[in-house]
Amino acid sequence: MTTLQSAAEAPQKTASGLPKRQLHLLLATLVASTCLASMDTSILVTALPTISGQFKAFEQLSWVISAYIVTSTISTPLLGKLSDLFGRRTIFLTAMGTFALASLLCGLSQSMNQLIAARALQGVGGGAIQALSFAILGDILPPRERGRYVGYFTLAFASAALLGPLIGGLIIDHWTWPWIFFINIPLCTLLMVALQRTLNLPFKRRQSKLDFIGAGLLAVGLAALMIGLEEAKTTIFNSKSLFLVAVALVVLLLFIAQERRASEPMIPLSLFRNRVVLACSMLGLCAGAVSFGASNYMSVYFQDALFVSPTEAGLRSMPLMLGIVVSSTATGRLIAAKGYYKRFPMVGSVLAAVALGVLSVLISHRSAYIHFVPWLIVMGLGFGAVYTTTSIATQNACEIRDMGVATATIMFFRSLGGSVMLAVSGTILNRTIRSELPRRVGISAEKGIALIRRPQDIATLPTGVRNAVVDAISTGVGRVQLAAAISMVIAIGWAIFLPELPLRNNAGLTEVLRAE
């Protein structure tokens, strides 16, 4: 009788070997951490006009967002590799502490340059939090079961994108902009306490030599590339931009050479001999281009062409988020139930490409918003299918020792695609305005660009000039969507190339325990 009671009272074990209660609390903490790190880009949308007005630095406005994206892109593979060497818990808590410290520095900033520097530091922590959350998911759940939970992480991304502008607007209306950053500090503290208790996973320390040269080359190469693309927003062929891109290419070639001979490379090039990892990396690159380019510039269109508030612009993006949530949840459950995954990114890429092509036409012709709704949903359905599948397929195809770096590599390519597309989209929009406004209004390109300020300023322009500005913005954003559609057409080819492997039934953590 006593034995039966003890068995009944023992905590239920899951496929990972963790008690059920610990597993659920850990998953909830990881989802909340992902949402917090993701939201720190979208929450700034409503605050940027206030911040730039206070610091009188409108021309530096884009760097508040770009600095975060650049450093998060760079930190993702570096800290993913470190987590394989030193354990997820240590690196995750360090990343969370870095994010909290940077949030404090952001709120205390007294100039735009200080804020940009603090945002760069914040991106290091934010990028690591998002990548390591998915790596830990690979540790504690087998690939076939993982599909049931990936939807919650996608929901966190969608919630961050949707709720960010709403929360930012509320804070700006009732407090001051530094509280957008200060609020992160108590939230990070609570999450760190929860992680300290739940992220207690078995880990076997490996003796290895860190590839500091590779880390430095990767950081310098990517920083030069992102800054060079950012500089090309105003003029495509300018000496500074071309010089930085050339430096980036040379440094990244040196990085590849270094990774070939390093005993413990930051990004093992052997990963790309795995067709699954290669295909998923390229799919992530294409999907990331859509998430940062097409999605962000929909908000630009809603505010600068339709003159809705940032909060309403966020609400108008809800059909897109709805499609992502439904698709990611359904895709994850279907993968778990059926055991296959290849068809989902194939169908998803087609849906996203078609939806973006139609949206490019609707935007260019300034159609009524109701016409956008079904295509935003279709775009979200396609997008969610691609994102969900690439994470599951990659973690299923790689060895447990490379789980962190493989997951971080997928996240890295998503961020890289988004960063490149963000710069390319800015260039497309700027070049369109510079060519369209002089033709429509008869003013110089420089004077035309000077008209593109806050939405409320555009709305007060004389009727003829205002219509010309709105038409130019609509044409430019339509071309951005068309570029994103081309990206998803390329993704279709990579989805066809993606091999179909049987899904494992063991979690990475289970394999570690067996090895011991």
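Here are the numbers for the structure shown:
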{"item": "Size descriptor, Kirkwood hydrodynamic radius, that averages inverse alpha-carbon separations across the range 73-139, Å", "result": "12.1 Å"}
{"item": "Two-decimal ratio, the range 258-375, of alpha-carbon radius of gyration to 2.2 N^0.38 Å", "result": "1.38"}
{"item": "Neighbourhood net charge (13 Å Cβ-Cβ; Lys/Arg +1, Asp/Glu -1) for residue 199", "result": "+2"}
{"item": "Accessible-area composition of the range 282-363, carbon plus sulfur, in percent [1.4 Å probe]", "result": "71 percent"}
{"item": "For peptides 341-349, 375-383, 466-474, sequence by mean Cβ density within 10 Å, most packed first", "result": "375-383, 341-349, 466-474"}
{"item": "Three principal axis lengths of the range 244-313 [C-alpha, angstrom, descending]", "result": "55, 32, 16"}
{"item": "Solvent-accessible area per residue, Å², over the range 354-403 with all protein chains present [probe radius 1.4 Å]", "result": "34 Å²"}
{"item": "Extension gain, residue 439 back to residue 365 (0.36 nm per residue minus Cα-Cα distance, nm)", "result": "24.9 nm"}
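The values are calculated or read from the model by the stated rules, or taken from the named source; none is laboratory data. Fair warning: this is a prediction, and the values are worked out from it, not measured in the lab. For neighbour counting, all protein chains shown are included, and Cβ atoms are generated from backbone atoms with ideal geometry for every residue, glycine included. In case anyone asks, the SASA skips ligands and DNA or RNA and just uses the protein heavy atoms, side chains included. Shrake-Rupley method; radii C 1.70, N 1.55, O 1.52, S 1.80 Å.
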